[in-house]
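*Asks:* Following this message is one structure expressed as structure tokens.
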Amino acid sequence: MAERVFMKGCEAIAEAATRAGCRFFAGYPITPQNEIPEYFARRMPEVGGTFVQGESEVASVNMLYGAVATGIRAMSSSSSCGISLYSEGVSYMAAARCPAVYVNVQRGGPGIGAIQPAQQDYLQATKASGNGGFKMIVLAPSTVQECVDMTYEAFDLAERDENPVLVLTDGVMGTMMEPVILPPMKSDAEVAEIRAKQAHRAVIGHAIGDQHTCEPGGIGDGWEKHNIETAAMYNTWDKDVRVEEFMMDDAEIVLAAYGISARISKVIVKELRKEGIKAGLIRPITVSPFPYDTFAKLDPAKVKGILDVEMSIPAQMRFDIDHAICGRIPVKECLRSGGQLLTNDQVMAGARELIKEVL
Amino acid sequence: MAEDMKKVYARTKAVKESGNSFCPGCMHSTVHKLIGEAAEELGMLDKLVRVEGVGCCGLGQLYVTHDWLIAAHGRAGAVATGVKRSSPDSLVYTYQGDGDLAAIGLAETMSAANRGENITVIFVNNGIYGMTGGQMAPTTLIGMKATTAPAGRNAEEHGYPMHVSEILNQLTAPKMIVRTAVDTPQNVMKTRKYIKKAFQNQIEGKGYSIVEIVTSCPTNWGLGPIESLDFLREKMFAEYPLGEFRMND
């Protein structure tokens, strides 16, 4: 039964994962995502699962790798500079076709940066989360409800593709409370059934002649074949592109934003509409695969300007917007970073500046 | 086979009959044989999961017939934690060299031991990086030449050889810590016994066991197999005395 509760983003993510059948979590303390491991530390023993506090992010992501290799649903989470340390393990899991789920509750960067919210890991998340040029589906929620729904679904996507999935959120959503409808709790029987479906790849010990292996690389010349196969799998992701187009039918001014920035931008679009300005919002929900077509189809005769709204300086999603727009429509930026939050006033000011220039 | 003959010894099924690609004089293949024999004697070959380190130990993936996964360099302690906690019925061992376990993987090694993870660690210590071509390891002896210490290791610049078993012996959680060798038939028998005991500990849920095996590397030591054995016994065993640090029964 679905259940409506009032929960903090991080805790909602952990509960959603538990309900999806996640039975292993390893993680290391880092602000602003500590509520995720803390919740799992309480919750996993209640459902017969395992919580391990790793000695580092490096250890935690490698524990995740070991757990997922046995066929269990497993997860980890960290934040920004911690996620940098995940690069090794995530690359190994992508190479070994391990369906792991992990969460980045972004904070300010680069370096140790700031503990406050930011969106400064966009390029790392969508283009190069580790060595070797692999890709992942990256889900970018903009409400606590979406944090729940996307985490719940992430396991299915990961297992479908035998590839890691990243939930890319930030310190605002991780720490704020909202009413959410929780998805149904999978029964022990369902969890066992899900795991049984992974038996073909589970490294748990088998009779001689039925050897199971988990290979993040190859000795010899077979490894290119692996890369060709994963590239073909990435090419099936057009169907997985998700995007919200808000008041876009007649829009002349388009705000482009994901996650928390999109939420702020939506308020501004509504304000501008009250003034009679035809504003709209494009919100990538999957930032990988990116909704390039949504931007590419914009008609320069109708759309006069795009405002890229991000909590990152320099801009990062801008690269994907430019890739789709190819200079056909002017693009301006409205940015904060280093843990400083965008405000309604600032996004409104950015929009007005764009309007002055292009309308 | 004649009726009055019976088979008293057979090759372990844990390794392929096609052979291995270790260098002449290398002791990895002997250790693999002992792991297989120990698991077979316990009737656990079908539960055996190898968490393989990176380096020459990684050549084992071509050689073994049981389940394996490859950890990133040094991370076997963490990966094995994930495997064992998620699949408690599996018989999980890590197979790591000294560069893997004692340099890049020191945090994962110490922490898995300190948590008392219910796993078996096979630590093959030959005092040098083999796969990458003879670079200095934390376990390289003073005066021993390496490609990254061409004049030989010196304490002023590089510090002293690291004694992993002695360090782990400071921790409370580990149940079994031994240092052994496979240079003589007696030591081979003893090492098989240790590996079997370490597996038994895991099966009985007793916790962390490590078997350190001091071996030679003729290729990167720049010595012949026989000279390597002399060096092993005279120099390596002097720095790394064989023995039982802890045998909690």
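*Asks:* What are the residues whose amide H is under 5 Å from the amide H of B:Gln135, where those residues sit 5 or more places off or on another chain and H is modelled from the backbone?
*Replies:* Amide H neighbours of B:Gln135, under 5 Å, 5+ apart: B:Tyr129, B:Thr147.
*Asks:* OK, next. Taking the protein assembly as shown on its own, what percent of its Cα-Cα pair distances exceed 48 Å? Provide the component values of the computation, followed by the final result.
*Replies:* Numbers: 41242 of 184528 pairs.
When all Cα pairs of the protein assembly as shown are counted, 22 percent exceed 48 Å.
*Asks:* Quick check on chain A: of the DSSP beta bridges with both residues there, what percent are antiparallel, nearest 5%? Please report the intermediate quantities before stating the final value.
*Replies:* Numbers: 14 of 46 bridges.
Rounded to the nearest five, the antiparallel share is 30 percent.
*Asks:* A follow-up question, please. Counting Lys and Arg as +1 and Asp and Glu as -1, what is the net charge of the other residues whose Cβ lies under 11 Å from the Cβ of B:Asp89?
*Replies:* On the way: positive: B:Lys47, B:Lys84; negative: B:Asp46.
So the surrounding residues net to +1.
*Asks:* HN-Hα J couplings of the stretch B:172-182 from phi, Karplus 6.51/-1.76/1.60, θ = phi - 60°, integer Hz, Gly and Pro as x?
*Replies:* With coefficients 6.51, -1.76 and 1.60, one gets 7, 5, x, 9, 9, 9, 9, 10, 9, 8, 10 Hz.
*Asks:* Whole-Hz Karplus ³J(HN,Hα) for the stretch A:345-357, in order, using 6.51 cos²θ - 1.76 cosθ + 1.60 and θ = phi - 60°, x for Gly and Pro?
*Replies:* 4, 5, 5, 4, 4, x, 5, 5, 4, 5, 4, 4, 6
*Asks:* When the solvent-accessible surface of protein heavy atoms is calculated with a 1.4 angstrom probe, in what order do B:Leu223, A:Leu64 fall, highest first?
*Replies:* Heavy-atom accessible area, descending, gives B:Leu223, A:Leu64.
*Asks:* Kindly work out what percent of the DSSP beta bridges joining two residues of the protein assembly as shown are antiparallel, to the nearest 5.
*Replies:* The antiparallel proportion sits near 25 percent.
*Asks:* What is the distance in Å between the Cα centroid of the stretch B:165-228 and that of the stretch A:8-41?
*Replies:* If you average the Cα positions of each part, the centres end up 38 Å apart.
*Asks:* When ligands, DNA and RNA are left out and all protein chains stay put, how many square angstrom of accessible area per residue does chain B have with a 1.4 Å probe?
*Replies:* 40 Å²
*Asks:* Whole number please: convex hull volume per residue, Cα atoms of the stretch A:177-250, in Å³.
*Replies:* It comes to 239 Å³ per residue, whole-number rounded.
*Asks:* What angle, in degrees between 0 and 90 and rounded to the nearest 10, separates the Cα long axis of helix A:259-274 from the longest principal axis of the Cα atoms of chain A?
*Replies:* Rounded to the nearest ten degrees, it is 30.
*Asks:* Apply the Karplus curve 6.51 cos²θ - 1.76 cosθ + 1.60, θ = phi - 60°, to the phi angles in the stretch B:203-208 and return the couplings in whole Hz, x for Gly and Pro.
*Replies:* Going residue by residue, I get 4, 7, x, 7, x, 5 Hz, with x marking Gly and Pro.
*Asks:* Calculate, for the stretch A:150-194, the solvent-accessible area per residue in square angstrom, rolling a 1.4 angstrom probe over the heavy atoms of the protein chains.
*Replies:* On a per-residue basis, 35 Å².
*Asks:* Which value in nm describes the separation of the simple spin-label points at A:Leu341 and A:Ile228, placed 7 Å from the Cα toward the beta carbon?
*Replies:* Simple spin-label model gives 5.1 nm for this pair.
*Asks:* Enter the mean number of other protein chain beta carbons within 10 Å of the beta carbon of each residue in A:262-274, as an integer.
*Replies:* 0
*Asks:* On to the next question. Ignore the peptide's own chain and count Cβ atoms of other chains within 10 Å of each Cβ in B:49-57; give me the average, rounded.
*Replies:* Counting other chains' Cβ atoms within 10 Å and averaging over B:49-57 gives 2.
*Asks:* Another question, then. Regarding chain A, what are the three Cα extents along the principal axes, ordered largest first, in Å?
*Replies:* That gives 72, 48, 39 Å along the principal axes, largest extent first.
*Asks:* Here is a follow-up. Under the definition of Cα pairs under 8 Å and six or more residues apart, what whole-number percent is the relative contact order of the stretch A:3-238?
*Replies:* 25 percent
*Asks:* Something else: Between A:Ala207 and A:Ile313, what FRET efficiency follows from the Cβ-Cβ distance if R0 is 51 Å, with the result rounded to 0.05?
*Replies:* In this case the efficiency is close to 0.35.
*Asks:* Let me ask something else about it. Suppose R0 equals 30 Å. What FRET efficiency, 1/(1 + (r/R0)^6) with r the Cβ-Cβ distance, do A:Asn235 and A:Ala196 give to the nearest 0.05? Before the final figure, lay out the partial values.
*Replies:* Details: r = 29 Å, r/R0 = 0.98.
Given R0 = 30 Å and the Cβ-Cβ separation, E is 0.55.
*Asks:* Out of the stretch A:256-326, which trypsin sites (Lys or Arg not before Pro) are coil in DSSP terms and have no more than 12 other C-beta atoms within 10 Å?
*Replies:* Working: sites: A:Arg263, A:Lys266, A:Lys270, A:Arg273, A:Lys274, A:Lys278, A:Lys297, A:Lys302, A:Lys304, A:Arg318; in loops: A:Lys278, A:Lys297, A:Lys302, A:Lys304.
The qualifying sites are A:Lys297.
*Asks:* Note down the relative contact order for the stretch A:242-358 as a percent, whole number, built from C-alpha pairs under 8 angstrom at least six residues apart.
*Replies:* 29 percent
*Asks:* Relative to the longest principal axis of chain A, what angle (0 to 90°, nearest 10) does the C-alpha long axis of helix A:144-161 take?
*Replies:* 50 degrees
*Asks:* Still on this model: What does the buried accessible surface come to for A and B, summed over both chains, with the probe at 1.4 Å? Round to 100 Å².
*Replies:* So the buried area, both faces added, is about 2500 Å².
*Asks:* Across peptide A:48-55, how many C-beta atoms of other chains are within 10 Å of each residue C-beta, on average? Let's see the in-between values first.
*Replies:* Values: counts 0, 2, 6, 1, 6, 2, 7, 9.
Whole-number average of other-chain Cβ neighbours for A:48-55 is 4.
*Asks:* With all protein chains present, how much of the accessible area of the protein assembly as shown (probe radius 1.4 Å) comes from carbon and sulfur, to the nearest whole percent?
*Replies:* 54 percent
*Asks:* Could you tell me what fraction of 2.2 N^0.38 Å the Cα radius of gyration of chain B comes to, as a two-decimal ratio? Working shown, then result.
*Replies:* Numbers: Rg = 17.5 Å, N = 249, 2.2 N^0.38 = 17.9 Å.
Ratio of Rg to 2.2 N^0.38 Å for chain B: 0.98.
*Asks:* For a Förster distance of 56 Å, can you work out the FRET efficiency between the beta-carbons of A:Glu46 and B:Val8, rounded to the nearest 0.05?
*Replies:* 0.60
*Asks:* Can you tell me the Rg and Dmax of the stretch A:242-358, counting just the alpha carbons, in angstroms?
*Replies:* Just the Cα atoms of the stretch A:242-358 yield Rg and Dmax of 12.7, 37 Å.
*Asks:* Let me ask something else. Return one whole number: the accessible area per residue of the stretch A:242-358 in Å², for a 1.4 Å probe.
*Replies:* Counting only protein heavy atoms, the per-residue value for the stretch A:242-358 is 42 Å².
The values are calculated or read from the model by the stated rules, or taken from the named source; none is laboratory data. Values in this document were obtained by computation on a predicted structure and should not be read as measured data. Heads up, the Cβs are rebuilt from the backbone with ideal geometry, glycines too, and the neighbour counts pull from every protein chain shown. Areas reflect the complete protein model, heavy atoms only, side chains present, ligands, DNA and RNA absent. Shrake-Rupley method; radii C 1.70, N 1.55, O 1.52, S 1.80 Å.
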